[in-house]
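Values in this text are rule-based calculations from the coordinates and carry no lab data. All values reported here derive from a predicted model rather than from experimental measurement. Every residue, glycine as well, gets a Cβ built from its backbone with ideal geometry; the counts of neighbours run over all protein chains shown.
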Ligand code: GCB
């Protein structure tokens, strides 16, 4: 059985890492017969096969439209060798979309349901006990069909034998396949299974200089029930490698004197979004003996940041100071790769983030690769971490089965991401239809569950409903609004935006006076190179003026520029880059064109000016 990935695979004195990325054998299984015909036990997948890069979505790699829009099972396979004598080997998928079955040497190794989150299994018992042959074979079957109980949900409509359609309620292409890395890593027999660490509190002097901080941590051990003789050493190292706190308890707290705080970039904080934020390293060493001479396992978390997150009625406080979310949401999407993981794309993303001075983003429409969070930790970019629950639009989708699955993906996301200082808020869903009684009890249960597994960070969800018909916001800490005034309504009426948005914000505030408000999406499709004066929809001029008009409303109620009366805590335009969708009359060339940048990562006019004046006043360089 698969366990959801806990610790990010990292090399150490006791751990080796092998990448299984590369070109794999691949084929479609249009009849869905692979499992009954036992393709997993064959020397090769039945012909015709093609070579498929891993990681990548398979959809746009070939010229074949059948592969592009395939719905159903596909198969991947590759051989490899294990030479090492390490006592334990784990096979880990950083993600695959959606339902995944994995066989190793012909035997079932793990199944996993849900995209965009890691899963892994101990495969030591599959390694042949044969000194002459260490050949291994992995076969993977993946199905991208969405159903009323998957997240996101969907429905398969079979119009005729050659025309199958997946009906969904979201606005991105349902890219599929092994879209993140496949990794093999070794550990000792008894090993560090999990580490949780978070800042409990920070003390300050009268100049707001931090004088001390308390960090809570828990270390979990795997591979044994006999923990009596096992010892642990916890050491917190500063950026120069000096030990600043240590402990020999599996669960306790660390006190750091004169801590260097992790600070978000930009605004009234200490550094620019291209400069590094302060990070400590937590080093955990496991010993087999009370004398601490026999080292079994070592694991280091290099991204420990000391910071607190708190909410007031009207402010989002990081390290007790108001934080204003000021960035652009994005999607995990690029040409040819689809949702496929690619460090080139990630590096470009963060360079452009520095270029627009973005200090925050929401991982819409699903959790991003862990490498995103590592870079965000380093540069002080703040993340609202969102599950893949988008398109919960029908009463029947709010079922007990979906709720249990929603809890599973929420737990997996939190377990994966809770140690990142950049993650300051959990977002449990994107625009659910919260007007049904089913949706209300569903979200009440989900939020209770989430609060029971993690504390210390606010929880939100994104709504496109109105203050008087949303049934669910009461369970959440922050109101996150998606608004498309002068785009999906009031076509061309840039002049109406400020009034409508100001009224809208004020209505929400009067109804929920204790919850800060964030604009989690607002944007206009824009064709680069299309111009018109006066500004018309789809022109670069329109996108620019569209943002300026929203920013007038935001600045009037910003908690940063109006510390006493403001309640508005941030702006996240939709979206950073143009991205692929299903083909339709509103998506020219199959792309949502709301990017401030094209899909090739080149700026449109609005990219030069996407900030509210609240930002420019504090942070012009
Ligand atoms: C939304 C959705 C987002 C879409 C966007 C749009 O409200 O949250 O996934 O892409 O609108 O551009 O239509």
| note | Per the helix-only model, the chain has a calculated mean residue ellipticity at 222 nm (DSSP H runs of ≥4, -39500 (n - 2.57) each, divided over all residues, rounded to the nearest 500) of -5500 deg cm²/dmol
| task | Multiply the residue gap between residue 355 and residue 336 by 0.36 nm, knock off their C-alpha separation, and tell me the result in nm, one decimal place. | result | 4.4 nm
| field | Mean separation of Cα contacts under 8 Å, 6 or more apart, over the residue count of the range 45-184: relative contact order % | value | 33
| said: Taking the square root of 5 times each eigenvalue of the Cα gyration tensor, what semi-axes in Å does the equivalent ellipsoid of the range 489-561 have, largest first? | reply: 27, 11, 10
| query | Expressed as a rounded percentage, what relative contact order does the range 1-126 have, with Cα pairs under 8 Å and six or more residues apart? | reply | 30
| Share, in percent, of DSSP beta bridges within the chain that are antiparallel, nearest 5 | 75
| request: Using Cα centres only, tell me the gap between the range 105-136 and the range 340-384 in whole Å. | output: 31
| query | Tell me, in nm to one decimal, what length is gained between residue 85 and residue 507 on full extension, where the rule is 0.36 nm per residue of separation less the Cα-Cα distance? | reply | 145.4 nm
| query | For the range 243-402, what's the relative contact order in percent, using C-alpha pairs closer than 8 Å and at least 6 residues apart? | reply | 21
| Cα centroid of the range 195-214 to Cα centroid of the range 228-254, whole Å | 18
| message | Given a Förster distance of 35 Å, report the FRET efficiency between residue 127 and residue 449 from their Cβ-Cβ distance, rounded to the nearest 0.05. | response | 0.40
| said: Can you compute the modelled spin-label distance between residue 196 and residue 65, with each label point 7 Å from Cα toward Cβ, in nm? | reply: 5.1
| query | What order do you get for 484, 522 when you list them from fewest to most C-beta neighbours inside 10 Å? | reply | 484, 522
| said: Please rank 275, 120, 155, fewest neighbouring Cβ atoms within 10 Å first, as an exposure proxy. | reply: 275, 155, 120
| note | Taking only Cα atoms of the range 309-618, the Rg to Rh ratio with Kirkwood Rh works out at 0.94
| query | Distance in nm between label sites at residue 562 and residue 583, each 7 Å beyond Cα in the beta-carbon direction? | reply | 4.8
| Full-stretch length increase - residue 491, residue 248 - with 0.36 nm per residue and alpha-carbon distance subtracted | 81.1 nm
| remark: Once both label points are put 7 Å beyond Cα along the C-beta direction, the residue 343-residue 36 separation in nm becomes 4.5
| request: May I ask you to sort 218, 162, 190, 124 by Cβ crowding, counting other Cβ atoms within 10 Å and putting the fewest first? | output: 162, 218, 124, 190
| request: Measure out, as a whole number of angstrom, how far apart the alpha-carbon centroids of the range 436-465 and the range 496-513 sit. | output: 23
